[in-house]
Each structure stands twice: as C-alpha cells, then as structure tokens.
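Take a look at the structure set out below.
Taken together, the values in this text are just the output of simple stated rules run on the coordinates, not laboratory data. In this text the structure is predicted, and so the values were computed from the model without any measurement. Note that we place each Cβ from the backbone using ideal geometry, even for glycine, and neighbour counts take in every protein chain shown.
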Amino acid sequence: MKARFVRDAHGIVGALFGTKQLSFKNFLFVLAVVFFIAWLPDGIINLFVQQKTWVGMMQIGVSLGIGLWIREVINEAARKARSPLGVDTQEAKGAKGLVLFLSDKKGEEGLRNSVFEVVSNRKMPLCALWAHRESLERVLVVASEKSIKERDDFLKEVRHYMPKLVEKIVFLEEHGGDFSDAEMIYALLEKTFLKIEKEMKIRPRDVVIDVTGGSKIVSIAGAIFALPMDRQMQYVDGDGKAKVYDMCYKEG
C-alpha cells in the first residue's frame, strides 16, 4: 500500500515542480505526503480504537502540521500557475558549466585574431564560450550527426582563441544527435544536467544552456526544459554578444 502512496506522491511532485527528479526539496515534499497519508489514519486508529491516547494524538498532531505545510506548497504552486511568464535578461558571465549545442560548420575560413572577427557560423559557439572563459569548469558539447565529425576542427579553433578551455570540453554523444527530434533533445538535456550535477558537482543554477548553435527545435526543447527548475538559457546575437535568459514566473 505504501509503495502506491510513494508513486502517487512522485506524480504530485511532477505536477507541482515540473519534474520527477528528486531534488532534496522535492524529496522532502514526497516524504511529507507519505507521512501525512500514513500517519493520519494510524493516529485515528490508535486514538479511538486501540485506546493509545498519547500516541494517537501525537500522530494526528504531526500529520495535521505536515498537512498544513503541504497545503501551503500546493497553494504556492497554484499561484505560480496563475502568474504570467516573464524573462529576466542578463549579461552572460560567470557560469561554471555550459551546455553547448554545436551545428555543422557553414563556410570555410582561417583563424582570426579574435572570436568576434569570425564570419562563419562558428562565431556563435566560440562567443558563447568566450563570455564565460574565466569561470567555466566544464563544457558539455551536444553535437549534431554532422558536427560531431568536425570535433577536431572545433577544438582547434577553441585552442587558438581560448587555449585554457580546451581541456574542459567534453562531447556528450560519440555519434552526435538529431537536432530535429525534440524528445531526444530533451532527453539529452536531462542526461547532461545529471552528469553535471552528480559527476562534476556543479549546481544547476551555475549552468547555462546555450541554444544558439542548434535548430528551432533545440530552442523550443531548451526553453521547456529550462522553465520548471529556473535553469538559464543563453543566446548569442549576430554581433557575438551573449545574453542569458532566465524564464520564470512573475508576480502580478
């Protein structure tokens, strides 16, 4: 029976927080729901059937206290759902982790003096790296099926402009991915953040998702992925200026 309670609570977490990943906060919520569902009937039985007055009163009291906290969390989630979406725009800097979508190169050119002088579409991912070059601890590159074949060329360019950053770059998929498959992109983002948080010990709030080098599908999937957990997206404009966009709920 309690296993079913846990599954139900897990579903509630998904509805409230937009994810079923059990962060510490979400784990506490699941625990609270399980205790409330389990202890309240136990307390009533102990108090009125088994005549265990103090035990029953303690269980009922704790359950009611937990229930009030759960009510507050649900009310907060309801208020957020009614709040309009907003976008907080900031200058890109200081990220410790960067998720970088890399499309195949369009146009041939030699190495320039600066990333801002690059004229091919490689300018965008290079400028995305440049914006955080002093703070980055790890860069996870999600390449397409074509751009994965240009891996060495991309690393050569990074080595020319930002030599210290090359050793921090990791390509997530050996054979690249399909940038037209939204479900696959979302799954890759989940895998990426799990790797960053668990293996690299970088908090999600210190990670930026750069979607400039991907397709429109990548941008949409990135936005959907970024919203529930207040993750941040980055986009580089034609001049090479990187901006971070934090999609969030705005209070009315």
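Across the stretch 147-158, computed HN-Hα scalar couplings (Karplus, 6.51 cos²θ - 1.76 cosθ + 1.60, θ = phi - 60°) run 6, 5, 6, 9, 3, 5, 5, 5, 5, 4, 5, 4 Hz from first to last residue, x flagging Gly and Pro.
Packing around the peptides 139-146, 109-116, taken as the average count of other Cβ atoms within 10 Å per residue, puts them in this order, highest first: 139-146, 109-116.
Taking amide H as placed 1.01 Å from N in the peptide plane, the amide H of LEU102 sits under 5 Å from that of VAL142, ALA143, SER144, each at least 5 places away or on another chain.
What whole number of Å gives the distance from the Cα centroid of the stretch 187-242 to the Cα centroid of the stretch 132-163? When both Cα centres are located, 16 Å separates them.
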